[in-house]
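> Structure provided below as structure tokens; questions to follow.
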Amino acid sequence: MFIRLGFQNAWRNLSRSILAIVSMAFAAAFLTYVISLGKGYANQAGQPLRSMLGGEIVVYSEKITAETPTECSSWSYRQGELDPFTDMEYLFPNMKSTGYLREDNQPGFTKEELKQLSSFDEINGIHPLYRLPAETVKVVDPEQSSPPLPEHLLRIQDDGSVLGPEISYSSGLQGRDWRTNQEYSLGHYITNGRWFEEKDEEDFVGVVSSLQQLPQWVHVPLPGEKITLEIPSFRWIQGAWQPDYSETHRFEIEIIGNVTVQSRTVDYIAGIDGWVTEPVYAYFNEIYIPQGAWNQIWSVVAGGLVYVPSEVLLQVDDLTFLQDIVFDLQSQFPQFSIIDIPHQLERVHANLSLEPVVPMGARSALQDRKEQLNQGVLASDLRLPIALLVLINAALLVAANILILVAERKKEIAVLKAIGARESEIIRMVLAEAILVSGVGALLGFSLIRVQAFLNQWTNALGLLPLIWLLFLDLVMILGMTLFAAILFGWIPAKKYASLSVMEVLRNE
Amino acid sequence: MNRSWNRFFHSIGKLLLRNMIRWKWRLGLVAFLVAGSITISVLYGSMMHQASELSLNQIKPLQLPYDVMVILNEGQVPRTSFDFVLGTYRYEETSGALRGRTVSVPITVQQFENALAVEVQSPMGLIEVWGIESSNGVFRSDIWSIEGAWPKDNEDIWFPTAYREMFDLNLGDSVSVSYQDRYGVRTRETLFICGFGSSGSDLEKPQVTLQTAQRMSGQKSPNRQFLTSLTFDKLTDWSLFFLRMEQAYPGSTIIFEQLPQVQWQGLMGAIQSPGKWVLLLVFMFLAVAVLTISLMTFLERKQELAILKTVGMSNEQLSVTLFFELLLFGILGYVMGVLFVIVISQIWWNQALGFGSIFFLLFAQHGALVFVFFCFAVLYPLLLAKIASVNQLLYARDIPLWVARYDRVPSPPTDWLKEMNSEHVLMLKLTVVDGKLLSALLKKVGEPLKKGEVIAFMYSLAGFYYQEWFSPCDGTIVSFQETNGRLVIKPDSPDEPIPSYSSFIQGQKKQV
């Protein structure tokens, strides 16, 4: 009876209740934001880049991204000379000219560190990036080239036949394991030919992108064609691989497949057509070959030295806790740059490096969206105190709301008491209203922040049950905190007013 | 003046003190909120500060023998004249006619040099080689300590000293390099090391003669430009500098000694931008909470305020009393916040805040911000207390912030206007929506009216907005139509003037 009266009270003074609900929602949203663990990415987040690199977390052995530095370190500016054994050369080519900041002491991966990385909680697999700089050499056929070759480029042989020029362009040679999961191979991006199979392991066969940035007269090799690779020899000098171009090796590789990677779709307004959705494709000159073949090439060009990677890809089961894993990794390995793929993709998209060909109308729209490196790494060691202080603040807000609700009804409470209501019943009435208002507010604030994350996680490999359990945990935490505050701080004023004598209240009116 | 202020404060002092003791819990809550907000914002702010400003010291500035290097875009021609200003700096004149005044001096470029950079493949990897003219003023100056000689011949190549140690090079060694023309055709060539050297600066590159570089790249015009200015060190306004460089060299890359710092600041700004929103959220939180509490306290003692107003307390005294009781507890909260921060940073947080200037700066900054939000939050009840009349305080359910009073129709339609003039009546238009009267009508049709008597009123916008219709003269209500809200008043005296509406042009038609 009195609980219903409390609900009626909340309904009667609707505008004030709504105000209280809004402020509670505000507090709950803030709390959710601070304590909610699984922010979560959708299953498909950054899929093209995950396939191209083969993992969900990128670890560079040199520290180039400026997450809030926790260790005392000195940083300096570098220009040119990007590490050709990483994917930075084709993901961030602009760094080469504009330069970048880099931490000075960069130790590179040691065996122990790689072992630690792979045995880290939640990390399922570790995949070093087997990549080396290569030059693709192509002899142009003067008969078939269009536009026709200028005469000074033609080479006339002793027997009178005419040869076209040898044109070379830089590529990256990546070794890929055919055994990896579907999602880490470019298998489903194949548009022509096929991806690697078991029988290819030791063969010199390759897969290239059907969209590349190439010099004039050269076309993208199709399946069945052969290409020549020129690879420098490598020496290990001062903790880094140093290419020696005076001593090069040539390898012939048969192309067995072409991939076309769609990196995203862009929506833009085009004249009278209104909104147009167009796919944007990734252009890259990488050549993928089977791991076994890559190892053979490496043993030739490096003179038998063991390959030390400077980039490692880590694989996780699902993307629900990706940011938290990255956060933990970063605090354990402050000497490396650790970036999750969705963030990496954001950065790649921001400088349009993989997408030299973008629909005309979309280019300006994309340029507008261009931002600086967005590494929204939230403050590290203050998370807990801030959450606590926010909780105190939220609790005080609840208290203030309930104080208002009760103080407004001083007279009503006195009347209720006059017609025989007991103290405990009055308290029950007030608390019912307080719980209703803060509960609705907390739910509102919670769903405001958490719904999107939930929908994202839905697509993951997590399974519905653990997902709901996760959601439930968060909800219980938020509701528990706000309701605890509501009951505690509601009880004090309710008790105070309920224990006032009827005469005293009514006399003062 | 001074005495009257003294009396003013003397008169409210006791009341203020009593109020504060009476509302100690509620005001204590305000103090607690302020303390919490200050603690959060200062701790968070100091963390952000440490991340950006303090780590700035860890960034090494570049050492360069020139002031600015411009990497020209493909197809961009180097400039031959520099009639633009890189920026200005200010200094105070200490002598002469302008003594004591601040003089703004433009920073101009005195000298510029060119180079042609080519990328070649070499035993040292892919390296950038600069073709430099022998008359160059930057790369042939005395600051370079060299061994051997600068490149003179077509086959000469000169290396920075760092290369010699790393790759074990010697004078006279041959280096086989290859380079691509614009079609992608490679040419191989052997160069001989003519010298080593260093100026102790960063970004040093191997050098060849300009002719060699031109032969390698197949390009005549240089693609690097080096600017030297005598007063470049005094430049602090980077935004103007970037603007000018963008005008002079559209789309090209510029490199200068402070670039790492400028890049770092940009990066930190991008990283910390969400943190600033969090701070704003904390302050908004405070404002909402303080507003709730102050409003509640006000509502609870409406009657008391009405009595105080009745016995002659002025509006100023009232608002000062209300404001000061909140402000004093706000200050108390601020002090508590300072203590909290000190305790937390000493005990809990391993990186204790030092008592340096940053410490005080942060407290001053965030204190000022909290004060601003605080003042906004307490403004509303203060305003209410000030504008509300005794009657409103005692009886009104809502005290409006905005009040509109009408004694006429603001813009009557033409037929109403005609009727007003022909029948000699006055009209009001009450708020009617879909044929239903929203305003509360206090008088009936046929009832006599006195001038200034309220005929109808209406609250809207949750009680914030109050509208009132009152009688413009003594008279009688002749009719009221609920369909359009028209209320017609017949004035008692026949001389009562009909209000004139200047927006209507009465009278003749004009020929156009």
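> From the list B:Phe256, B:Phe241, B:Phe298, which one is modelled with pLDDT of 85 or more, in contact with a helix residue (DSSP H, G or I) (Cβ under 9 Å, 6 or more places away or on another chain) and more than 8 Å from chain A (Cβ to nearest Cβ)?
Working: B:Phe241 fails: in contact with a helix residue (DSSP H, G or I) (Cβ under 9 Å, 6 or more places away or on another chain); B:Phe298 fails: modelled with pLDDT of 85 or more.
Answer to the check: B:Phe256.
> Cβ contacts < 6 Å: first residue within 14 Å of B:Leu299 (Cα to Cα), restricted to region B:372-386; second residue outside any helix (DSSP H, G or I) and not polar (S, T, N, Q), any location; separation 6+ or different chain. Result?
B:Leu384/B:Ile399
> Right, here's the next one. List the residue pairs whose Cβ atoms are under 6 Å apart, where the first residue sits in region A:391-411 and is more than 7 Å from chain B (Cβ to nearest Cβ) and at pLDDT 70 or above, the second is crowded, with 24+ Cβ neighbours inside 10 Å and outside any helix (DSSP H, G or I), and the two are 6 or more positions apart or on different chains.
Listed pairs, sorted by first residue: none to list.
> Next question. Any chance you could count how many residues in region B:491-512 are modelled with pLDDT of 85 or more and crowded, with 17+ Cβ neighbours inside 10 Å?
Count: 1.
> Also: Give region B:259-295 a look and list any residue that's of a type in the set (Gly, Ala, Ser), over 30 Å from A:Ala350 (Cβ atoms) and at the interface with chain A (Cβ under 9 Å from one of its Cβ atoms), or say none.
Within region B:259-295, B:Ala289 is the sole residue that qualifies.
Residues checked against (1) out of contact with any strand residue (DSSP E or B) (no Cβ under 9 Å at 6 or more places or on another chain); (2) at pLDDT below 85; (3) among the acidic types (Asp, Glu):
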{"position": "A:Asp273", "(1), (2), (3)": "yes, yes, yes"}
{"position": "A:Trp294", "(1), (2), (3)": "no, no, no"}
{"position": "A:Gly303", "(1), (2), (3)": "no, no, no"}
{"position": "A:Glu311", "(1), (2), (3)": "no, no, yes"}
{"position": "A:Gln323", "(1), (2), (3)": "no, yes, no"}
{"position": "A:Ile341", "(1), (2), (3)": "no, no, no"}
{"position": "A:Leu345", "(1), (2), (3)": "no, no, no"}
{"position": "A:His349", "(1), (2), (3)": "no, yes, no"}
{"position": "A:Ala362", "(1), (2), (3)": "no, yes, no"}
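> Quick one: in region B:168-202, which of the residues that are in a loop (DSSP other than H, G, I, E, B) and more than 11 Å from every other protein chain (Cβ to nearest Cβ) is nearest to B:Val138 (Cα to Cα)?
The selected residue is B:Ser199.
> Identify all residues within region B:156-169 that are without any contact (Cβ under 8 Å) to a residue 40 or more places away in the chain and touching a Phe, Trp or Tyr at 6+ places or on another chain (Cβ under 9 Å); write none if there are none.
B:Thr161, B:Arg164, B:Leu169
> Could you please find all residues in region B:217-237 being away from every other protein chain (no Cβ under 14 Å), in contact (Cβ under 8 Å) with a residue 40 or more places away in the chain and not in a strand (DSSP E or B)?
Passing the criteria: B:Ser217, B:Gln219, B:Ser221, B:Pro222, B:Ser229, B:Leu230, B:Thr231, B:Phe232, B:Lys234, B:Leu235, B:Thr236, B:Asp237.
> Related question: Keeping to region B:93-144, report how many residues are in contact (Cβ under 8 Å) with a residue 12 or more places away in the chain and either within 30 Å of B:Thr209 (Cα to Cα) or within 14 Å of chain A (Cβ to nearest Cβ) (or both).
Total meeting the criteria: 32.
> Kindly list, by first and then second residue, each pair from a residue in region A:342-354 that is under 19 Å from A:Ser364 (Cβ atoms) to a residue that is part of a helix (DSSP H, G or I) and among the polar types (S, T, N, Q), limited to pairs with Cβ atoms under 6 Å and residues at least 6 apart or on different chains.
A:Asn351/A:Asn94
> All but one of (1) loosely packed, with under 12 Cβ neighbours inside 10 Å; (2) modelled with pLDDT of 85 or more hold for B:Ser479; state the number of the condition that does not hold.
(1)
> Yes or no: region A:313-326 includes at least one residue that is more than 21 Å from A:Leu49 (Cα to Cα), among the β-branched types (Val, Ile, Thr) and touching a residue at least 24 places away in the same chain (Cβ under 8 Å).
No, region A:313-326 has no match at all.
> For residues in region A:52-78 being of a type in the set (Gly, Ala, Ser) and surrounded by 19 or more Cβ atoms within 10 Å (Cβ to Cβ), which is modelled with the lowest pLDDT?
Here the residue is A:Ala66.
> Name, by its number, the condition in (1) surrounded by fewer than 21 Cβ atoms within 10 Å (Cβ to Cβ); (2) more than 29 Å from the chain's Cα centre (by Cα) that does not hold for B:Lys234.
Exception for B:Lys234: condition (2).
> Please go through region B:452-497 and give me each residue that is in a loop (DSSP other than H, G, I, E, B) and within 22 Å of B:Gln392 (Cβ to Cβ), ordered by number.
Correct list: B:Gly452, B:Glu453, B:Leu461, B:Ala462, B:Gly463, B:Phe464, B:Ser471.
> What strands (runs of 3 or more DSSP E) lie completely within region B:66-158 and have 3 or more residues being polar (S, T, N, Q), more than 40 Å from the chain's Cα centre (by Cα) and at pLDDT 85 or above? Talk me through it step by step, then tell me what you get.
Working: elements: B:68-71, B:85-92, B:102-108, B:111-122, B:125-132, B:145-148.
Those strands (runs of 3 or more DSSP E) span B:111-122.
> Just checking: which of the strands (runs of 3 or more DSSP E) contained wholly in region A:45-157 hold 2 or more residues that are more than 25 Å from B:Leu56 (Cβ to Cβ) and within 12 Å of chain B (Cβ to nearest Cβ)?
A:130-139
> (1) under 38 Å from the mean Cα position of the chain (by Cα); (2) within 28 Å of A:Ala282 (Cβ to Cβ); (3) surrounded by fewer than 16 Cβ atoms within 10 Å (Cβ to Cβ): which one isn't true of A:Pro147, the others all being true?
(1)
> Please tell me if B:Asn154 is among the polar types (S, T, N, Q), loosely packed, with under 13 Cβ neighbours inside 10 Å and either within 14 Å of chain A (Cβ to nearest Cβ) or closer than 30 Å to A:Val301 by Cβ (or both). Walk me through it before giving the result.
Details: among the polar types (S, T, N, Q): yes; loosely packed, with under 13 Cβ neighbours inside 10 Å: yes; either within 14 Å of chain A (Cβ to nearest Cβ) or closer than 30 Å to A:Val301 by Cβ (or both): no.
No; evaluated as a whole, the condition is false for this residue.
The values are calculated or read from the model by the stated rules, or taken from the named source; none is laboratory data. What you see is a predicted model; the values in this text were computed from it and never measured. So basically every Cβ, Gly included, is an ideal-geometry build from the backbone, and we count neighbours across all protein chains shown.
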